[in-house]
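The values are calculated or read from the model by the stated rules, or taken from the named source; none is laboratory data. All of these numbers come straight from a predicted model, not from anything done at the bench. Every residue, glycine among them, receives a Cβ derived from its backbone with ideal geometry; neighbour counts consider all protein chains shown.
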Amino acid sequence: MTTVVRKENESIEDVLRRFKRDVSKTGVLREARKKEHYEKPSEAKKRKRQELSRRRARG
């Protein structure tokens, strides 16, 4: 769980910016989207295999 404490004389925009950066750095949102729907194990293997082949093709 990501928490951000507002510092003295810090604007809400700055706090929100820090929060968004922390969330993207930890990958919380990416995991939540991934687990939004059930993925069968065979589909997960297929997706991982495709990602690996894409990474290898890119170099």
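Just a few scattered comments:
- Pairs are defined by a Cβ separation below 7 Å, a sequence spacing of at least 6 or placement on different chains, a first member in segment 21-45 that is among the hydrophobic types (A, V, I, L, M, F, W, C), and a second member that is in a loop (DSSP other than H, G, I, E, B) and surrounded by 11 or more Cβ atoms within 10 Å (Cβ to Cβ); the pairs so defined are Val23/Thr2; Val28/Thr2.
- Filter pass, Thr26 being surrounded by 10 or more Cβ atoms within 10 Å (Cβ to Cβ) and at pLDDT below 95: yes
Yes or no, residue by residue, for (1) exposed (fewer than 12 other Cβ atoms within 10 Å of the Cβ); (2) outside any helix (DSSP H, G or I); (3) modelled with pLDDT under 95:
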| site | (1), (2), (3) |
| --- | --- |
| Met1 | yes, yes, yes |
| Lys7 | yes, yes, yes |
| Arg30 | yes, no, yes |
| Lys45 | yes, no, no |
| Arg49 | yes, no, no |
| Leu52 | yes, no, no |
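- Within segment 32-43, tally of residues that are among the acidic types (Asp, Glu), surrounded by 10 or more Cβ atoms within 10 Å (Cβ to Cβ) and within 27 Å of Met1 (Cα to Cα): 1
- The test for being at pLDDT 95 or above, part of a helix (DSSP H, G or I), within 17 Å of the chain's Cα centre (by Cα) and surrounded by 10 or more Cβ atoms within 10 Å (Cβ to Cβ) holds for Leu16.
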